[in-house]
1. May I ask you to report, in nm to one decimal and beginning with the shortest, the distances from B:Ser56 to the same position in the other copies, taking label points 7 Å along Cα-to-Cβ?
2. Can you list which of the trypsin sites (Lys or Arg not before Pro) found in the range B:151-210 are DSSP loop residues with at most 14 other C-beta atoms within 10 Å?
3. With θ set to phi - 60°, apply the Karplus curve 6.51 cos²θ - 1.76 cosθ + 1.60 along the range A:110-115 and write out the HN-Hα couplings as whole Hz, x wherever there is a Gly or Pro.
4. From the label point of A:Ala167, set 7 Å from Cα along Cα→Cβ, how far away are the matching label points in the other copies, in nm, ordered shortest to longest?
5. At most 16 other Cβ atoms within 10 Å and a DSSP loop assignment: could you name the trypsin sites (Lys or Arg not before Pro) in the range A:54-149 that fit?
6. Identify the residue of chain B whose Cβ lies closest to the rotation axis that maps chain B onto chain A, and give that distance in whole Å.
7. I need the GluC sites (Glu not before Pro) found in the range B:1-67, filtered to DSSP loop residues with at most 16 other beta carbons within 10 Å of theirs.
8. Using the 7 Å Cα-to-Cβ label point, sort the distances from A:Arg29 to its equivalents in the other copies shortest first and give them in nm to one decimal.
Protein chains: 2
Amino acid sequence: MTELGLRERKKQQTRSRIRDAAIRLFAERGFDQVRVAEVAREAEVSEATVFNYFASKEDLVHDGMADFADGLVEALRLRPAGESLLSAFRTYVLRPHGLAEDDRAVARIATVARIVGDSPTLRARERQVFDRATRALAELIATENNTRADDVESWVIANALMGVNRALKELVHSQALAGHSGKRIAQDVLAQGRRALDILDEGLARYRTV
Amino acid sequence: MTELGLRERKKQQTRSRIRDAAIRLFAERGFDQVRVAEVAREAEVSEATVFNYFASKEDLVHDGMADFADGLVEALRLRPAGESLLSAFRTYVLRPHGLAEDDRAVARIATVARIVGDSPTLRARERQVFDRATRALAELIATENNTRADDVESWVIANALMGVNRALKELVHSQALAGHSGKRIAQDVLAQGRRALDILDEGLARYRTV
DNA sequence: TAGAGCCACTCTAAATTTAGAGTCACCCTA
DNA sequence: TAGGGTGACTCTAAATTTAGAGTGGCTCTA
């Protein structure tokens, strides 16, 4: 499809080499026991180049995590004119993500999940990433509704939506760690995603009497 | 031994990738049927980079040939003070070249020999390479003897020495093409080398009556 | 608590690679 | 024999990578 030029192709290769090397070393010895210089050496690249591609050591792992979190915000921001927020969210949550056909990706996810789980630094960073995305989402909603940026309603909605997104990510991680197949994980994500969407639709009234 | 830095290591890798790609393509389709742009594509490098490393398309093949020819000149130029030219030449001819332990190198030599044999352009270039080296050797000898650069004696000696060098190269090529082992080739080179040196020692007197 | 060491990260200049346009010799064909 | 196409090779500016010398926070130890 996308005929990439030589320059662009090499950049992708370099980025992959660095990230793969990092994940491999982190998985072996733990995030804090590996220096960035070692990642660079393993990837056959200078330390400066590592920082050209990743803003921080933590980003070597959370690379895609920020993209994942921002992905929701962008999908909602760019939804077709006239479509409701909740409808666009439904589409986004139920979209195909390719895990069913890619067990190697599942294995990578499991590895990353373990690395993150083992490192307080990385868990903190993950919260930060989601927090920032949630903030951005709240601002988007507030803007669309012409309300103040710190409007409580925007925050509640943003948290609810990002919460679902994050919960599904957690689901994928735990399933991947449990060694489940991509196919099964995809099924579970779909089922749990629908349940979450239903809850959002109905609101919390049903919990009032619990 | 030699701890090469990252930059130098990558340059060697790039040079190898280009040369290997070129040899592979030339062996498949012939020297004239392959464009430099294709070599570049196969080596995953821009065309400009190919010319950064090799002055001409022909040098993709004769890469080492010029080094080989110049190697003799340099070895003689840098010989220990006081050692005679012929003595240094003997040392050079009988030096270990590693072919006995490297049958992959022998295979590469055979491939290159076939490519060169099939291309008039490349055969002409090979003659040119040896011619230039012979010229340089003659000048070196003339300089050392304080004679004019076009002194006949220097030329005779230079041609004799380079002739041996070249004959041994031809021997290696034909043996490699015949599929002989590196070990056997090394033995033959040594034996024939000694014979050649003997002839140089004795002079041509023995042929006077033939 | 001062000092030493470690390590993530930054900065700068130099080296290398790339894209792209252009030159030139050669061959082929009308 | 003029004109068009091909392909080796050159040139320039911009992009990328590297070496190497910092900076600054943190921890450990005397």
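1. Distances to the matching label points in the other copies: 5.7 nm.
2. For trypsin sites (Lys or Arg not before Pro) across the range B:151-210 that sit outside H, G, I, E and B with at most 14 neighbouring Cβ atoms in 10 Å, the list reads B:Arg208.
3. 4, 4, 4, 4, 5, 4
4. Relative to the other copies, A:Ala167 has label-point distances of 8.9 nm.
5. A:Arg148
6. Closest to the axis: B:Lys10, 6.
7. Of the GluC sites (Glu not before Pro), the ones in loops of the range B:1-67 whose Cβ has at most 16 other Cβ atoms within 10 Å are B:Glu3, B:Glu44.
8. Nearest first, the other copies' label points are 4.6 nm away.
The values are calculated or read from the model by the stated rules, or taken from the named source; none is laboratory data. All values derive from a computational prediction rather than experimental measurement. Quick reminder, even Gly has a Cβ in these numbers, built from the backbone with ideal geometry, and neighbours come from all protein chains shown. In case anyone asks, the SASA skips ligands and DNA or RNA and just uses the protein heavy atoms, side chains included. Shrake-Rupley method; radii C 1.70, N 1.55, O 1.52, S 1.80 Å.
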